[in-house]
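The values are calculated or read from the model by the stated rules, or taken from the named source; none is laboratory data. Computed from a predicted structure; not experimentally measured. Cβ: placed from backbone, ideal geometry, glycine included. Neighbour counts: every protein chain shown.
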There are 2 protein chains.
Amino acid sequence: MAYGYAGRVLHVDLTTGSLIVETPPETFYRTYMGGSALALYYLLREMPAGIDPLGPGNIMVLALSVITGAPISGQSRLTIAAKSPQSEGIGDSQSGGFFPAEMKAAGFDAIVIRGRSDHPVYLWLHDGEAELRDADHLWGLETGDTLDRIKLEIGDQKIRVVQIGPAGEKLARLASIISDTSHANGRTGMGAVMGSKNLKAVVVRGTAAFQSADKEALSQLARWGVKHFADSDAASLGKYGTAGIINSQNGKGGLPTRNYSSGFFAQANDISGETMYETILQKRETCYACVIRCKRVVSVPDGPLPVDPRYGGPEYETTAAFGSYCGINDLNAIAKANEICARFGLDSISTGATIAWAMDAYEHGYLTQADTDGLDLHFGNAAAMVQLTEKIARRDGIGDLLAEGSARAAEQIGRGSEALVVAVKRQELPAHMPQVKRSLALIYAVNPFGADHQSSEHDGPYEQPGAFDYYAERLLELDLQSPQPRYSLQPGKVRYAYYTEIVYSLLDTLNVCQFVFGPTWQLYDTAQLVETVKAVTGWPVTLYELMKVGERRLNMMRAFNAREGIGREADKLPPKLYQPLKGGKSDGMAVSEAELEQAKDWYYAMAGWDVASGRPKRGKLSELGLDWVADLLNLP
Amino acid sequence: MAYGYAGRVLHVDLTTGSLIVETPPETFYRTYMGGSALALYYLLREMPAGIDPLGPGNIMVLALSVITGAPISGQSRLTIAAKSPQSEGIGDSQSGGFFPAEMKAAGFDAIVIRGRSDHPVYLWLHDGEAELRDADHLWGLETGDTLDRIKLEIGDQKIRVVQIGPAGEKLARLASIISDTSHANGRTGMGAVMGSKNLKAVVVRGTAAFQSADKEALSQLARWGVKHFADSDAASLGKYGTAGIINSQNGKGGLPTRNYSSGFFAQANDISGETMYETILQKRETCYACVIRCKRVVSVPDGPLPVDPRYGGPEYETTAAFGSYCGINDLNAIAKANEICARFGLDSISTGATIAWAMDAYEHGYLTQADTDGLDLHFGNAAAMVQLTEKIARRDGIGDLLAEGSARAAEQIGRGSEALVVAVKRQELPAHMPQVKRSLALIYAVNPFGADHQSSEHDGPYEQPGAFDYYAERLLELDLQSPQPRYSLQPGKVRYAYYTEIVYSLLDTLNVCQFVFGPTWQLYDTAQLVETVKAVTGWPVTLYELMKVGERRLNMMRAFNAREGIGREADKLPPKLYQPLKGGKSDGMAVSEAELEQAKDWYYAMAGWDVASGRPKRGKLSELGLDWVADLLNLP
């Protein structure tokens, strides 16, 4: 088996137009491996604290990993990281699709983007070459049109792009980066950062064959996945998409409803993955080389809210945010809102949640039709929700304010509306409820880039003795004993949250899909992830080494925030989560603030951080080989 | 592949004669796995702090692991742990041989021994049955005679024993426990504990076939070892035994000479493994199912110091302790001293080092012939060394005092002799010099049961860039980058020491030979250790889980000591190590106390312990699932 990995990092300075290719040593790749950790390496070293996230001083990194592009499910994902215009701490987002595998084939592992162009440009990478091109003619275009124009211009239908829409151009803090037309680096406002740099798109095309140390081992792993997929718990994702969990979430009282006031939505089935499958689903889509095919393509050809299938279809999160969050059971309207987010480049979770907040404020009388350009924002008004989504996308009227996100909008409006915000570090909560999945209370609070559902394993059915033994068995690979008591934040649950957080941190460093590889229900387990890294790189890695890489990335994010003055005090949940939910199975449930604070004590201590401040300490950074980060923070 | 492990733990109360068999749940085995961690589980839970290590309140645990007895090299080792009469903190020792595999076949994983019998007894385990038998007739016998008598009495030549000799009966704190006649649980005074309980021997015989989940995988691993042994760095151990390193140690200035005053012994070759091979070696021996055959059998049939081959032959440590430590180049005398240690049950390292200390004190005039029963204890007097070894074994004359070890003897004698003691936590230093292998300065200081050379990887040639790439590659499996600067205790070296300490802690929990499996030069690497545990237990373990088990054991030892009031202040090196060595390649070298204290700061911080006190904190214990230990220590 060949041993080694070599790759290339492109450094782009948009202010000067310089393009420099770096070929880092193998030890660099072995230490950081890719994705978020690789991005953090540059962000920490090359960007001082306190810069304006929407100014030219911000650095944006697009990063693949050493295994991205491997012809096996779940290996085509892209990290985009920068200082976040939402939290003003670390921003970090992942998307799937085809762009990542194509970028690898084009000969680049990462792109480090500095400065600001004085006019719109796009970056064109092809087979090892890099070029900045004028994008004046693309500025203002929606994502579908931009893609069409670039394909024509380059004369190659096989190019792949990541791009911003009009929302990113207008620096909406809710702006996302869209990959082709239907995948999104949705969260933490990366679209606004790209917009602030006058960078409309990154376009890639490559023909290099994927290099792996052990083709046969890789191929065996791929075949194993194809063979076992149908019997795996990931199979349901294929048929009904991520929205296939709507009804089960609702049954547990875990479907956020009417701005997180309840975990039960009486009309949940109207917006379920099953209903989508039976009504508006046109076909299933996939990412590069993936067997799961969880992506939706929905189509509504006629009627008042036609939906164009080229923009894909709503995920579970999107469906909940525009649906139950807003008390809306109109799947057509939800699909339309999703389409608008993809066309204009908006984060669908934050946009839906911000509308839900506005509706809640409207119901409370904190907002009136005088504020809303005349829109009636009662919960359940589907037409108003779609109109408001488009207003946010265009920064039109009240949409201009809401494009800043619910937290900033509430800060501006006041009147008591701040108490209705459901966000952490100004990032709106995703649709897995901490009241019901208690480990998420902790992870939503402490996650460096705000509330996130993809940063740890959720606690769920495998908390019940006897049930889901298969999950419990897999968790033992991480030295985690099951079951843990449900609805608790005892030390065992904190440990579960922390260890699985490290796994997910690793997944976002290797840029591996969390539906394909993971610690419980996913198609492949962590041992197979080790085998995948071995087969591609030839490095004799172990899960121990990989977990240390995951821990390293988590510590680097935490260090980034510490340097920005963001620590324990920012690791807090919104007050709404401490109020009892109403209705359904979770009626009366709430997170206890005292319990969360106690859990944070344990969590920081387990992580080797300072309990009082939540900041990393030199001991842990040094243990992870990050002495240079400790030096950067002037730690004693 | 079958999944699961079931085993039995025998609880013996020598005061009442009760014998109770416990069948712990599988989660217990998965969490603690065996060996030292399993022993610590009982010691921590069932023994209060402050008890007399030689009183009936001490608990002694003999423990195998879930993989002990597997028909593959390095899997027949036994942990014996109790409160140490040397350090009065945790005592912990390992031996190889045939007893461990036989005990497994007899149907027991561990024996927890409490109380004190009112007369000598031995414990007889055979095929699931346990019985206490009278041993009045064996008391006072040397180990060879005891073995013969028990074989006759039981009528089975295939029994295996662990036993004490007269030294253990007389509660010599240097007493070891001898397995059959030539393997030893040498360190930390376990023989004295066994003697204090009036327990002469534990005898085992079993016919149960070894159970493994995947026979074929195990067999493949065994065949791999047979095939690759000759080309491995472990091969030299086979030919020349552990003493094969005498000349290379000496060449680096790392052979402790004249009570650690020098790292260079001019006559080193006279006592080398090569010389032993060419002169007194009768044959090579082995432990159960091991391909390496590192054990020596030496024979001197005639002359003034005849040596009986049934007691094996000296290891590197023994050769150095009775040889270069004492300035002695007489291999016959060294072999004789080794034989006495095996016959009487003495730790050869501590005995040799205590004699070296006495010689140093004699040279300084702190001891005179008035103290030494007339013996001339100048360095180099081989005949006096042999006589003194026997005096210690019989607690005769000055031997009565020296049987307490050099630290206690110096405390009693005074006169400045305390400054010559070379011990940590009252345990004499083994023969790998911290001045030359700098990571050992830290590990000797912090190891919970005193200075130990088998508790971490030594630093050595793989510190040189380009050299020993194979080791560097293996170290990457542990997320350790090479090379590290030599003769330093910088954070990178501390991290190397700490991570490999966890590996060795794991090895002493799985009871695996550290010559066979390990992080650098050993026959098998850590990934193959994972495969071995999988093949035997069927558990889908990962290196991550196993490293957590190793870390757990280390923390349990540390917690045991904390409860006894032993913390950072006891983690110190003897003053001699801060004085420059004289002669050879290490001339002028010394450990710096300031550097060590700084390294301890880093080490405790990396380990998640309190830097000021060196005690475990709740955060780390909780992270390892050891909340119950934190509760036991009343940690906040």
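Please indicate, with yes or no, whether at least one residue in the range A:480-492 is at positive phi, part of a loop (DSSP other than H, G, I, E, B), surrounded by fewer than 23 Cβ atoms within 10 Å (Cβ to Cβ) and among the small types (G, A, S).
No.
Checking A:R8 against (1) closer than 19 Å to A:F560 by Cα; (2) touching a residue at least 24 places away in the same chain (Cβ under 8 Å), which single condition isn't satisfied?
(1)
Being buried (at least 20 other Cβ atoms within 10 Å of the Cβ), hydrophobic (A, V, I, L, M, F, W, C) and in a helix (DSSP H, G or I) is the filter here, so list the residues in the range B:602-636 that pass it.
Those that are buried (at least 20 other Cβ atoms within 10 Å of the Cβ), hydrophobic (A, V, I, L, M, F, W, C) and in a helix (DSSP H, G or I): B:W602, B:A605, B:M606, B:A607, B:L621, B:V629, B:A630.
B:H378 versus (1) part of a loop (DSSP other than H, G, I, E, B); (2) surrounded by 24 or more Cβ atoms within 10 Å (Cβ to Cβ): which is the lone unmet condition?
Every listed condition holds for B:H378 apart from (2).
Report yes if some residue within the range A:11-24 is farther than 26 Å from A:K170 by Cα, out of contact with any Leu (no Cβ under 8 Å at 6 or more places or on another chain), surrounded by 16 or more Cβ atoms within 10 Å (Cβ to Cβ) and touching a residue at least 60 places away in the same chain (Cβ under 8 Å); otherwise report no.
Checked against the condition, which is being farther than 26 Å from A:K170 by Cα, out of contact with any Leu (no Cβ under 8 Å at 6 or more places or on another chain), surrounded by 16 or more Cβ atoms within 10 Å (Cβ to Cβ) and touching a residue at least 60 places away in the same chain (Cβ under 8 Å), the range A:11-24 yields no hits at all.
May I ask you to list the residues in the range A:178-234 that are of a type in the set (S, T, Y) and more than 20 Å from A:V516 (Cβ to Cβ)?
Of everything in the range A:178-234, those that are of a type in the set (S, T, Y) and more than 20 Å from A:V516 (Cβ to Cβ) turn out to be A:T181, A:T188, A:S196, A:T207.
Taking the condition of being touching a residue at least 40 places away in the same chain (Cβ under 8 Å), more than 14 Å from every other protein chain (Cβ to nearest Cβ) and aliphatic (A, V, I, L, M), how many residues in the range B:25-47 meet it?
Residues in the range B:25-47 being touching a residue at least 40 places away in the same chain (Cβ under 8 Å), more than 14 Å from every other protein chain (Cβ to nearest Cβ) and aliphatic (A, V, I, L, M): 5 in total.
Would you be able to say whether some residue in the range B:413-426 is in a loop (DSSP other than H, G, I, E, B), surrounded by fewer than 24 Cβ atoms within 10 Å (Cβ to Cβ), on the phi < 0 side of the Ramachandran plot and away from chain A (no Cβ under 14 Å)?
No, that holds for no residue.
For B:Y498, which of the numbered conditions (1) within 12 Å of chain A (Cβ to nearest Cβ); (2) closer than 23 Å to B:W224 by Cβ; (3) in a helix (DSSP H, G or I) fails to hold?
Exception for B:Y498: condition (2).
Those residues that are more than 7 Å from every other protein chain (Cβ to nearest Cβ) and among the polar types (S, T, N, Q), I need them from the range B:621-636; list them, please.
Scanning the range B:621-636 gives a single hit, B:N634.
What number goes with the only condition from (1) under 18 Å from A:L221 (Cβ atoms); (2) of a type in the set (V, I, T); (3) touching a residue at least 40 places away in the same chain (Cβ under 8 Å); (4) assigned to a helix (DSSP H, G or I) that A:V530 does not pass?
(3)
Taking B:Y524 as meeting all but one of (1) farther than 21 Å from B:A472 by Cα; (2) out of contact with any helix residue (DSSP H, G or I) (no Cβ under 6 Å at 6 or more places or on another chain), write down the number of the exception.
Going through (1) farther than 21 Å from B:A472 by Cα; (2) out of contact with any helix residue (DSSP H, G or I) (no Cβ under 6 Å at 6 or more places or on another chain) one by one, B:Y524 breaks only (1).
Take the residues in the range B:327-339 that are surrounded by 24 or more Cβ atoms within 10 Å (Cβ to Cβ) and touching a Ser or Thr at 6+ places or on another chain (Cβ under 9 Å); name whichever of them is nearest to B:D360 (Cα to Cα).
Here the residue is B:G327.
Go through the range B:572-584 residue by residue and tally those that are touching a Gly at 6+ places or on another chain (Cβ under 9 Å) and either outside any loop (DSSP other than H, G, I, E, B) or within 21 Å of B:D508 (Cα to Cα) (or both).
Total meeting the criteria: 0.
Restricting to the range A:591-601, give me the number of residues that are surrounded by 15 or more Cβ atoms within 10 Å (Cβ to Cβ) and closer than 19 Å to A:Q435 by Cα.
6
Applying the selection to the range A:533-546, what residues are out of contact with any helix residue (DSSP H, G or I) (no Cβ under 6 Å at 6 or more places or on another chain) and either closer than 14 Å to A:L221 by Cα or β-branched (V, I, T) (or both)?
Matches in the range A:533-546: A:V533, A:K534, A:V536, A:T537.
Please go through the range B:611-620 and pick out each residue that is more than 12 Å from B:L554 (Cβ to Cβ) and within 11 Å of chain A (Cβ to nearest Cβ).
B:V611, B:K617, B:R618, B:G619, listed by residue number.
Looking at A:E551, A:E545, A:E564, can you tell me which residue is in contact with an Asp or Glu (Cβ under 6 Å, 6 or more places away or on another chain), under 21 Å from A:A39 (Cα atoms) and either surrounded by fewer than 23 Cβ atoms within 10 Å (Cβ to Cβ) or within 14 Å of chain B (Cβ to nearest Cβ) (or both)?
Result: A:E545 is the single residue among A:E551, A:E545, A:E564 that is in contact with an Asp or Glu (Cβ under 6 Å, 6 or more places away or on another chain), under 21 Å from A:A39 (Cα atoms) and either surrounded by fewer than 23 Cβ atoms within 10 Å (Cβ to Cβ) or within 14 Å of chain B (Cβ to nearest Cβ) (or both).
Looking at this structure, is B:F517 crowded, with 23+ Cβ neighbours inside 10 Å, modelled with pLDDT of 95 or more, under 26 Å from A:K534 (Cα atoms) and more than 8 Å from chain A (Cβ to nearest Cβ)?
The answer is yes for B:F517.
So is A:A599 assigned to a helix (DSSP H, G or I) and away from chain B (no Cβ under 14 Å) or not?
Considered against the rule, which asks whether it is assigned to a helix (DSSP H, G or I) and away from chain B (no Cβ under 14 Å), A:A599 comes out as no.
Within the range A:404-449, how many residues are of a type in the set (D, E) and over 14 Å from A:T351 (Cβ atoms)?
Summing the residues that are of a type in the set (D, E) and over 14 Å from A:T351 (Cβ atoms) in the range A:404-449 gives 2.
Just to check your reading of the model, which residue among B:D400, B:D360 is in a helix (DSSP H, G or I), touching a Lys or Arg at 6+ places or on another chain (Cβ under 9 Å) and farther than 27 Å from B:G195 by Cα?
Selected residue: B:D360, the only one of B:D400, B:D360 that is in a helix (DSSP H, G or I), touching a Lys or Arg at 6+ places or on another chain (Cβ under 9 Å) and farther than 27 Å from B:G195 by Cα.
Does the range B:24-63 hold any residues that are closer than 30 Å to A:L478 by Cβ and small (G, A, S), and which are they?
Answer for the range B:24-63, where residues must be closer than 30 Å to A:L478 by Cβ and small (G, A, S): B:G34, B:G35, B:S36, B:A37, B:A39, B:A63.
Inspect all residues belonging to the range B:127-144 and state whether any of them is of a type in the set (V, I, T) and either surrounded by fewer than 24 Cβ atoms within 10 Å (Cβ to Cβ) or under 30 Å from B:V536 (Cα atoms) (or both).
Within the range B:127-144 (the criterion being of a type in the set (V, I, T) and either surrounded by fewer than 24 Cβ atoms within 10 Å (Cβ to Cβ) or under 30 Å from B:V536 (Cα atoms) (or both)), the answer is no, since none of the residues qualifies.
Quick one: is A:G50 touching a residue at least 12 places away in the same chain (Cβ under 8 Å) and under 21 Å from the mean Cα position of the chain (by Cα)?
Spelling it out, it is not the case that A:G50 is touching a residue at least 12 places away in the same chain (Cβ under 8 Å) and under 21 Å from the mean Cα position of the chain (by Cα).
For the range B:81-120, enumerate the residues that are polar (S, T, N, Q), part of a loop (DSSP other than H, G, I, E, B) and buried (at least 24 other Cβ atoms within 10 Å of the Cβ).
B:S84, B:Q86, B:S87 - these are the residues of the range B:81-120 that are polar (S, T, N, Q), part of a loop (DSSP other than H, G, I, E, B) and buried (at least 24 other Cβ atoms within 10 Å of the Cβ).
Do the conditions hold for A:S18, that is, is it over 30 Å from A:E216 (Cβ atoms) and more than 16 Å from the chain's Cα centre (by Cα)?
Taking the combined requirement at face value, the residue satisfies it.
Do you know which residues across the range B:135-192 are touching a residue at least 60 places away in the same chain (Cβ under 8 Å), over 23 Å from B:G107 (Cβ atoms) and polar (S, T, N, Q)?
Scanning the range B:135-192 gives B:T143, B:S176, B:T181, B:S182, B:T188.
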